[in-house]
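Step one of this worksheet: look at the structure below.
The values are calculated or read from the model by the stated rules, or taken from the named source; none is laboratory data. Note that the structure is a prediction, hence the values are computed from the model and not measured. Ideal geometry is used to build each Cβ from the backbone, glycine not excepted, and the neighbour counts take in all protein chains shown. Side chains are part of the model used for accessible areas, which takes the heavy atoms of the whole protein and leaves out ligands, DNA and RNA. Shrake-Rupley method; radii C 1.70, N 1.55, O 1.52, S 1.80 Å.
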Amino acid sequence: MVTLSEKSKVSLAVYTREADAASYPDGLARSVHFAISMDGRHFQALNQNYGILFAKAVIREDDTICPKCVENPQVFRMEGNRYGILAERVNEDGTADDESRGKALLWVTEDFIEFEDERLVDLEKDILAERLTADATGNVIELPGSLGERIRQRWSQIHNTEILLPEEITASCRADVELLTASALYSDGSTARKNVVWNTEEIDFGKPGTYEIRGKVQNEEYEFPLALGYGDPVIFPWKGKWYFIATNDNLDDIGLYVRVADHVGGLFEEGITEHLILGVDEEKGFVQTFWAPEFHVIGGELYILFAIGGKVWGPQCWLMRLKKDGDITKACDWEEPVRVKRKDGGWLAQDGITLDMTYLKAGGSSYMVWSYRKGIGTAADTGSMLYIATVDESKPWILTSDPVLLSRPLYGWENVSHTINNEGPHGFVSGERVFLTYSGGAANGYTYVLGLLSAGTSDDLLTISNWKKSKSPVLSFYSVENEYGPGHNSFFEDEMGNLMIAYHGETTLESNLRCDGIRRVHFDIAGNPVFDLSAKRDLNPELRDVKVRVKVKK
């Protein structure tokens, strides 16, 4: 089979798409898209034809956000084996951007995979811009075939290509065979371990010889949708049981309810009991917006972090702790909820709303990350922003540092169609890296997506320059067939030790009914998490059936 790496040249095109308010709105369509061609004539859209580079919004003097987009992208070669992408900056609706007349946005890259932050360059004064005209910049560029192969691999979806097993193993008993697992190989060269159910009935372990047996490769699969009418799902193991908690849209987001089962799948069985552990209490100010509850073990004790509001709408961050030897499903076994405070003893927010708080431990330090927003529903709406601060494990309801702004919804996929969201953070540590997903777009619509922030475990996570933010979503409605608006996720390890992602989404483009899904988090050849590996791409159904020779020894 001929691959791009065997070709001397490939062609890369940059372009924008026509906006469609019902299925691909302005904030998405007016971004830089990539397509690649082996023959210079037939182009294959990359990233599932979803945008890759987005203009950053402008922050006005009143701290509100003015979304920006791009038109007419051009690509060109620069000195030092670098490339540039130049585009006209426009308003979200495509009208001229008065602030950038005579200027253009510039992205610089060595490989079309990693990009320097965009710059607004002056087309008359900037030396680079003068070179562009001489270099006959256009929207297609020829690249070396090996580079084209890397680009296509990065911006194409990973899929299972092979199942690897030894041809023969030696065994003295059935347990020796049952320990044999398979290695699933993927299109980027990464791998993952898979359990195999082996048929050992035809082996006589009392009689030495060589036997051929068959097996079926296993893959943990959860059919979407699972629970209907639940947003912000969290799945949590505790003392031999599994628990599920979420925002309960079916009850107008009122009350915190918990499910318990012996295995993950059991949490979604029909008729399962839901246990109310925190209900309406007007005297305490627990009236509405029982939002985004999360289980976290902090300092060896179990907490639920959640947002709640009183008679006057305005959710704020709270937490409550499970009593010693308490039962998660019993309201009486939880201590009184405590509202989160700053280090000076004041409330987390003096104005605006706070929500979606999560806990993260990395490099020996403990952090809280949450979403904050001012002026919602008014002309002074700042949009929701992510903040981070340290806490002491012994009193996690009191910050030990000032809040630090971590992320604002500046890209078109974060502030699409006036949604202006950075919310729902949730993180994990893998090796020496910290990964923090968050959501942007419409929380109960098809534009909801996941963004990704990452840093080193030894980094000071309050220093924002230590964080790297994805320039495009890591999960969107283009990622997995028939899943729309995937977002506000959490992570857990399943019974087999796989890192799993739980999220909510919708079943159609038009639906606003939040439903839950689960799948395995894969790690690509570079060690980056992959959140869009559908069950069929995680394990090719045609490769499930395997065989191996078993040599029985004396």
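What the table below lists for this structure:
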quantity	calculated
Pair list, Cβ < 6 Å and 6+ apart or interchain, from segment 420-433 residues that are farther than 23 Å from Ile304 by Cβ to residues that are hydroxyl-bearing (Ser, Thr, Tyr) and open to solvent by 20 Å² or more (accessible area, probe 1.4 Å)	Glu432/Thr457
Only one of Asp538, Asp524 that is acidic (Asp, Glu), crowded, with 17+ Cβ neighbours inside 10 Å and in contact with a His (Cβ under 9 Å, 6 or more places away or on another chain)	Asp538
Residue list for segment 8-37, filter: over 27 Å from Ser100 (Cβ atoms) and crowded, with 20+ Cβ neighbours inside 10 Å	Val10, Ile36
Ala455 being under 26 Å from Phe224 (Cα atoms), in contact with a helix residue (DSSP H, G or I) (Cβ under 9 Å, 6 or more places away or on another chain) and not acidic (Asp, Glu)	no
Segment 38-90, residues that are closer than 20 Å to Asn139 by Cβ, out of contact with any strand residue (DSSP E or B) (no Cβ under 7 Å at 6 or more places or on another chain) and open to solvent by 50 Å² or more (accessible area, probe 1.4 Å)	Asp39, Arg41, His42, Gln48
Sole exception among (1) surrounded by 15 or more Cβ atoms within 10 Å (Cβ to Cβ); (2) within 21 Å of Thr390 (Cβ to Cβ) for Pro293, by number	(2)
Evaluation of Asp351 against (1) closer than 30 Å to Glu61 by Cα; (2) assigned to a loop (DSSP other than H, G, I, E, B); (3) touching a residue at least 24 places away in the same chain (Cβ under 8 Å); (4) of a type outside the set (S, T, N, Q) (one fails), failing number	(3)
Residue ID - farthest from Glu149 (Cα to Cα), chosen from residues in segment 11-20 that are of a type outside the set (Lys, Arg) and touching a residue at least 24 places away in the same chain (Cβ under 8 Å)	Ala19
Hits in segment 469-487 - residues which are farther than 19 Å from Trp370 by Cα and in a loop (DSSP other than H, G, I, E, B)	Lys471, Ser472, Pro473, Val474, Ser476, Phe477, Tyr478, Ser479, Val480, Glu481, Asn482, Glu483
Qualifying positions in segment 255-290 - buried (at least 20 other Cβ atoms within 10 Å of the Cβ) and among the aliphatic types (A, V, I, L, M)	Leu256, Val258, Val264, Leu267, Ile277, Leu278
Members of segment 181-191 found to be on the phi < 0 side of the Ramachandran plot, out of contact with any His (no Cβ under 8 Å at 6 or more places or on another chain) and open to solvent by 10 Å² or more (accessible area, probe 1.4 Å), listed by number	Thr181, Ser183, Leu185, Asp188, Thr191
Among residues of segment 168-222, those that are more than 28 Å from Val264 (Cα to Cα) and hydrophobic (A, V, I, L, M, F, W, C), counted	6
Qualifying residue in segment 368-383 (condition: open to solvent by less than 20 Å² (accessible area, probe 1.4 Å) and more than 29 Å from Arg60 (Cα to Cα))	no
Residue within segment 504-521 that is open to solvent by 10 Å² or more (accessible area, probe 1.4 Å), in a loop (DSSP other than H, G, I, E, B) and closer than 21 Å to Trp370 by Cα present	no
Candidate set from segment 321-348 (those that are crowded, with 20+ Cβ neighbours inside 10 Å and touching a residue at least 24 places away in the same chain (Cβ under 8 Å)); member that is nearest to Asp281 (Cα to Cα)	Trp334
Residue pairs meeting the criteria (Cβ under 8 Å; at least 6 apart or on separate chains; first free of Cβ contacts under 8 Å to residues at least 60 places away in the same chain, in segment 96-109; second in a helix (DSSP H, G or I))	Ala104/Ala129; Leu106/Leu128
Condition met for Ser394 (out of contact with any strand residue (DSSP E or B) (no Cβ under 8 Å at 6 or more places or on another chain) and within 15 Å of Ile298 (Cβ to Cβ))	yes
Residue list for segment 522-554, filter: closer than 18 Å to Lys194 by Cβ, in a strand (DSSP E or B) and aliphatic (A, V, I, L, M)	Val530, Val546, Val548
Filtered residue count, segment 164-180, keeping only those that are touching a residue at least 40 places away in the same chain (Cβ under 8 Å), part of a strand (DSSP E or B) and open to solvent by 60 Å² or more (accessible area, probe 1.4 Å)	2
Enumeration of residues in segment 192-249 that are acidic (Asp, Glu), under 22 Å from Leu533 (Cβ atoms) and exposed (fewer than 13 other Cβ atoms within 10 Å of the Cβ)	Glu223
Top-ranked residue of segment 188-236 - restricted to ones that are outside any loop (DSSP other than H, G, I, E, B) and of a type in the set (Lys, Arg), ranked as farthest from Ser479 (Cα to Cα)	Arg214
Qualifying positions in segment 147-163 - open to solvent by less than 70 Å² (accessible area, probe 1.4 Å) and either among the aliphatic types (A, V, I, L, M) or closer than 21 Å to Val10 by Cα (or both)	Leu147, Gly148, Glu149, Ile151, Arg152, Trp155, Ser156, Gln157, Ile158, Ile163
Condition check for Ile420: within 20 Å of Cys69 (Cα to Cα) and either touching a helix residue (DSSP H, G or I) at 6+ places or on another chain (Cβ under 9 Å) or open to solvent by 20 Å² or more (accessible area, probe 1.4 Å) (or both)	yes
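Residues are listed down the side, and each one gets a yes or a no for (1) more than 17 Å from Ile298 (Cβ to Cβ); (2) crowded, with 22+ Cβ neighbours inside 10 Å; (3) touching a residue at least 12 places away in the same chain (Cβ under 8 Å):
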position: Leu360; (1), (2), (3): no, no, yes
position: Gly363; (1), (2), (3): no, no, yes
position: Thr390; (1), (2), (3): no, no, yes
position: Ser401; (1), (2), (3): no, no, yes
position: Tyr448; (1), (2), (3): yes, yes, yes
position: Lys468; (1), (2), (3): yes, no, yes
